[in-house]
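The structure appears below as structure tokens.
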């Protein structure tokens, strides 16, 4: 892939420069299968699965037969808590269920990097220089988005929690705010445009790439330790190299 680049803008909409992005995050090959899996796992984990209804066995009462089996001319009934009756149980209703799915950390990160790389390749990623609001004011943020000429859904990525920006963006339709450390493939693809603060780029490197260096260092140290602990191999002794042992002297006849 080409070296990933994105435009850096001021709040006024003025283009400052084109900056290079981290290729390990924004220059990854598109992997639709992995992204689909990560999105499916994310959405499944949002479900609570606590909905539950009572069956005819769970509803209290109904132990007595309403009327005798024959002779009344009415349909036979065995309990007043049948699903056919008012205040009866529910047939085939929802039960408590765990919908959660698992995906390993490396796959989840690769899916995120692939999604971000796609947005950069499609020129849907914008870097914003120094976004600071003096007060909670929705119109200030609306004006900034107009200056950037962004009309469709927008994802604003913040380096850290900023209550002023969050409350200002909360009431704007098709605008979602998220912390850089909480990014996932679903929120990236859910929105048309990605707006990253300049500080958010450093935060992404810190969160998603700092661990990689540690893992590499630990794996290298582990390999060195293993090789150091190994016992030296003894060279194989061939039959020729074996010392000839003298035969035991023959014992005399008794």
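The values are calculated or read from the model by the stated rules, or taken from the named source; none is laboratory data. Keep in mind it's a predicted model, so treat the numbers as computed, not measured. Cβ sites come from the backbone with ideal geometry, for glycine too, and all protein chains shown count toward neighbours.
The set of residues in the stretch 163-185 being within 16 Å of residue 124 (Cβ to Cβ) and buried (at least 16 other Cβ atoms within 10 Å of the Cβ) consists of 175, 178, 183, 185. Residue count for the stretch 167-197 under the criterion of being closer than 12 Å to residue 131 by Cβ and either in contact with a strand residue (DSSP E or B) (Cβ under 6 Å, 6 or more places away or on another chain) or modelled with pLDDT under 90 (or both): the result is 5. Remark: pairs (first residue in the stretch 39-52, at positive phi; second residue loosely packed, with under 13 Cβ neighbours inside 10 Å and not in a helix (DSSP H, G or I); Cβ separation under 6 Å; 6+ apart in sequence or on different chains) = 49/97; 49/98; 49/99.
For the stretch 109-120, indicate whether the set of residues that are surrounded by fewer than 19 Cβ atoms within 10 Å (Cβ to Cβ), over 25 Å from residue 12 (Cβ atoms) and at pLDDT 95 or above is non-empty. Yes, there is a match, as at least one residue in the stretch 109-120 is surrounded by fewer than 19 Cβ atoms within 10 Å (Cβ to Cβ), over 25 Å from residue 12 (Cβ atoms) and at pLDDT 95 or above. The residue that is surrounded by the most Cβ atoms within 10 Å (Cβ to Cβ), counting only those in the stretch 1-42 that are within 30 Å of residue 93 (Cβ to Cβ) and out of contact with any helix residue (DSSP H, G or I) (no Cβ under 7 Å at 6 or more places or on another chain), is 41.
Of all residues in the stretch 85-107, those that are surrounded by fewer than 12 Cβ atoms within 10 Å (Cβ to Cβ) and free of Cβ contacts under 8 Å to residues at least 40 places away in the same chain total 7. The residue of the stretch 198-219 that is nearest to residue 6 (Cα to Cα), among those that are modelled with pLDDT under 90 and under 19 Å from the mean Cα position of the chain (by Cα), is 209.
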